[in-house]
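The values are calculated or read from the model by the stated rules, or taken from the named source; none is laboratory data. Keep in mind it's a predicted model, so treat the numbers as computed, not measured. All Cβ positions, glycine included, derive from the backbone under ideal geometry; neighbour counts span all protein chains shown. To get the accessible areas, we keep the full protein, side chains included, count just its heavy atoms, and leave off ligands, DNA and RNA. Shrake-Rupley method; radii C 1.70, N 1.55, O 1.52, S 1.80 Å.
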Amino acid sequence: MGNTSSILTQYDIEEVQEHCNNTFSQQEIVSLYQRFCQLDRNSGGFISADEFLSVPEFAVNPLAQRLFRMIDGLNFKEFVAFLSAFSSRATLQHKVEYIFKVYDSDGNGKVAFSDLLDVLRDLTGQFISEQQREPVLTQVLEEAGYKKDSILVLSDFMKILGSNGLKMEVEVPVD
Amino acid sequence: MASVACFTFRRRELLNKMSSSNLELDLDRPNIEDYLTTDSIQEPRGKLRLRDLLDISPTLTEAGGAIVDDSFTRCFKSNPPEPWNWNVYLFPLWCLGVVVRYGILFPVRVLILTLGWIIFLSCYIPVHLLLKGHDKLRKKLERGLVELICSFFVASWTGVVKYHGPRPCARPKQVFVANHTSMIDFIILEQMTAFAVIMQKHPGWVGLLQSTILESVGCIWFNRSEAKDREIVARKLREHVEGPDNNPLLIFPEGTCVNNHYTVMFKKGAFELGSTVCPIAIKYNKIFVDAFWNSKKQSFTTHLLQLMTSWAVVCDVWYLEPQNMKPGETPIEFAERVREIISARAGIKMVPWDGFLKYSRPSPKHRERKQQAFAESVLRRLEDK
């Protein structure tokens, strides 16, 4: 698929749809493409840091930096795959996997206490002190039956998050 | 047991500290959370569990939503016109239209504009040089001449402007504010009444016009990139408004051009001068041409040429009822109230973003507010049994 072409053929759409496991309809993919081109101002074929952070709603999100590391330099096909966890057609498994990937910044399939602490720090900022964050996290972990030095894997996340269903949906505006 | 007790004590201390820093966060701008819907974040209840710390789905949903569509980028989107000329008989009609627009209308318009400039310059230069001593007469003539050249400009785009409401008059202690779509807003308003305006200094021929002709109507320059500039500009505004002989001041509080479907947040500078604020609403009819000047995509010259090769510029201008600051109202609340009046009249939506975010990043205060809300909820639920 040409990186600088601004016309999407039927073949391209189907390829993207397959890549994201049919979580988006063809119309949604066209809308996402328009959005991708709108954000990719210099038409480099991918959205750079600057271009993402020029969306104020994204820049003020506490997890922006973390997400940004996952989304940097993606081309359109990968961009759609990245957003597929937000589709209403995505499975619970998919969504939990996505959340797991956000925590597991080094991608080794394991989430340690330090990873959990990092995300908690992003979410609470200066409003909970360093010394307070650790005991809070330890207390909550122990109550759930884990220990401070436990390593969490995907199945643990499925067990903890999967029980009550997860609401993580974004509607793609279709003209 | 002891650790729980001192934990409680620390928590109360922390909450007190948070409520005092809240004041600082609120003074600068209205609460964005009032505009951004937080349906995804329900108020969680009950004891804090591991799931609550691990479940970052609300924050992720917000981020995902921002990536997919956001209200700020929408304000500056120039919608390309739908192609309607793809038919056997429509296409030749469209071609004919192009021939008429570029071949007949455009040369006629250029002629009108040139004529206008000749008349203007031949009157303005003598008046400016010869009447140096008679300031009052000179100013009056120059005002009339500026109104004239603006009328010529409007004629060169076949501008059809409908003015509604009472014509503004020059009185001390009043400022006019309007929503901003393009620099032609100024020309359209200027042809009716000679305003003094506050503008960004532009390069090129526009800058030349600014420093010569617009000086005579009394304009104030600002520079977006200079930090100290705000105080200097505030002082100049105040001086101008107090002077009885100065032309009425026109301010575009959005600070940047928006696409005429939305209004961005008004800067409070115009609203803290202690004068009456007269709102003006401008709405362009898109069927004829999209008057939005996307300064990142085209220069002003290109924009003017685009207007001169379209059929017409049709717009409505409403002069609305003058507003005064209510007792107990802050300048920001006043600004938002006037913005609501203008947006309602022009039929356009309001968004909670600062127009200058086009050029800079949002302040960390917004992120901090979100972090604070989450932190408070975590600590509160830690206590719940």
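Charge tally around B:Asp316: other residues with Cβ under 11 Å, Lys/Arg +1 each, Asp/Glu -1 each, net +3. Taking B:His240, B:His164, B:His261 in turn, the Gaussian network model of chain B (Cα-Cα springs below 10 Å) assigns the largest fluctuation to B:His164. Estimated purely from DSSP H runs of n ≥ 4, each contributing -39500 (n - 2.57), the mean residue ellipticity at 222 nm for chain A is -16000 deg cm²/dmol once divided by its residues.
Between the C-alpha center of the stretch B:282-359 and that of the stretch A:107-168 there is a gap of 47 Å.
How shielded is A:123-134 by partner chains, expressed as the average number of their Cβ atoms within 10 Å of its Cβ atoms? So the per-residue partner count for this stretch is 6. Excluding same-chain neighbours fewer than eight residues apart, the lysines reachable from B:Lys173 by a Cα-Cα span under 19 Å are B:Lys236, B:Lys267, B:Lys268, B:Lys326. Taking 20 Å as the limit for the C-alpha separation, the pairs A:Lys147/A:Lys167; A:Lys101/B:Lys370; A:Lys101/A:Lys159 exceed it in the case of A:Lys147/A:Lys167; A:Lys101/B:Lys370. Simple rule: put +1 on each Lys or Arg Cβ and -1 on each Asp or Glu Cβ in the protein assembly as shown, find the dipole, and look at B:Gln191, A:Leu166, B:His303; the Cα lying farthest toward the positive end is B:Gln191. Placing +1 on the Cβ of every Lys and Arg and -1 on the Cβ of every Asp and Glu, with no other charges, gives the stretch B:150-260 a dipole of roughly 180 debye about its Cα centre. Placing pseudo-labels 7 Å out from each Cα toward the beta carbon at B:Lys297 and B:Arg381 gives an inter-label distance of 4.4 nm. Ellipsoid fit via the Cα gyration tensor, the stretch B:158-271: semi-axes of 20, 18, 16 Å, each the root of five times an eigenvalue, largest first. Here are some pairs, B:Lys77/B:Lys286; B:Lys140/B:Lys283; A:Lys148/B:Lys365; which of them have Cα atoms lying more than 24 Å apart in this structure? Too far apart for the 24 Å limit: B:Lys140/B:Lys283; A:Lys148/B:Lys365. For the stretch B:330-375, accessible area lost to neighbouring protein chains reaches 30 Å² or more, against the chain alone with a 1.4 Å probe, at B:Trp353, B:Arg361, B:Pro362, B:Arg367, B:Glu368, B:Lys370, B:Gln371, B:Phe374, B:Ala375.
Ranking of B:Trp86, B:Trp94, B:Trp293 by solvent-accessible surface, largest first: B:Trp86, B:Trp94, B:Trp293 (1.4 Å probe, protein heavy atoms only, all chains present). Taking a sphere under 11 Å around the Cβ of B:Phe120 and counting the other residues whose Cβ falls inside, with K and R at +1 and D and E at -1, yields a net charge of -2.
Charge dipole (Cα centre; +1 on Lys/Arg Cβ, -1 on Asp/Glu Cβ; no other charges) of chain B amounts to roughly 280 debye. Stretching A:Ser25 away from A:Ser155 to a fully extended chain increases their span by 43.9 nm, per 0.36 nm per residue minus the current alpha-carbon distance.
Note on B:Lys77 and B:Phe356: the model spin-label points, each 7 Å out from Cα along the C-beta direction, lie 2.7 nm apart.
The residues of the stretch B:247-356 have, on average, 36 Å² of accessible surface per residue, using a 1.4 Å probe with all protein chains present. Placing +1 on the Cβ of every Lys and Arg and -1 on the Cβ of every Asp and Glu, with no other charges, gives the stretch B:243-385 a dipole of roughly 640 debye about its Cα centre. Annotation: Cα Rg of chain A relative to the compact-globule expectation 2.2 N^0.38 Å equals 1.17. In terms of Cα atoms, the Rg and Dmax of the stretch A:15-104 work out to 13.1, 36 Å. Projecting the Cα atoms of B:Leu130, B:Ser363, B:Leu113 onto the dipole axis of the protein assembly as shown, where Lys and Arg carry +1 and Asp and Glu carry -1 at the beta carbon, places B:Leu130 farthest toward the positive end. Here the protein assembly as shown carries DSSP beta bridges of which approximately 25% are antiparallel, counting only pairs with both residues inside.
Buried area at the B:A interface is about 4900 square angstrom, summed over both chains, from accessible surfaces computed with a 1.4 angstrom probe. Across the stretch A:72-122, counting alpha-carbon atoms alone, Rg and Dmax equal 12.5, 34 Å.
Only one residue of A:Leu8, B:Tyr102, B:Gln323 has its Cα farthest out toward the positive end of the dipole of the protein assembly as shown, where Lys and Arg carry +1 and Asp and Glu -1 on Cβ, and that residue is B:Gln323. The helix-only estimate of mean residue ellipticity at 222 nm for chain B, built from DSSP H runs of length n ≥ 4 each weighted as -39500 (n - 2.57), is -15500 deg cm²/dmol after division by the residue total. Angle of helix B:204-217 to the longest C-alpha principal axis of chain B, folded into 0 to 90 degrees and rounded to 10: 80°. The alpha carbon convex hull volume per residue for chain B rounds to 172 Å³.
In the full protein context, chain A carries 48 Å² of accessible surface per residue, based on a 1.4 Å probe and ignoring ligands, DNA and RNA. Largest mean-square fluctuation among B:Leu115, B:Leu249, B:Leu53, in a Gaussian network model of chain B whose springs join Cα atoms under 10 Å apart, belongs to B:Leu53. If you plug the beta carbon distance of B:His202 and A:Ser129 into 1/(1 + (r/R0)^6) with R0 = 51 Å, you get a FRET efficiency near 0.55. Computed over neighbours whose Cβ is under 12 Å from that of A:Asn164, the net charge equals +2, Lys and Arg +1, Asp and Glu -1. Taking a temperature of 4 °C and a viscosity of 1.567 mPa s, what whole-number D in µm²/s does Stokes-Einstein yield for the protein assembly as shown with Rh from Kirkwood over alpha carbon pairs? The diffusion coefficient I find is 47 µm²/s. Apolar share of the accessible surface for the protein assembly as shown: 58 percent from carbon plus sulfur atoms, 1.4 Å probe.
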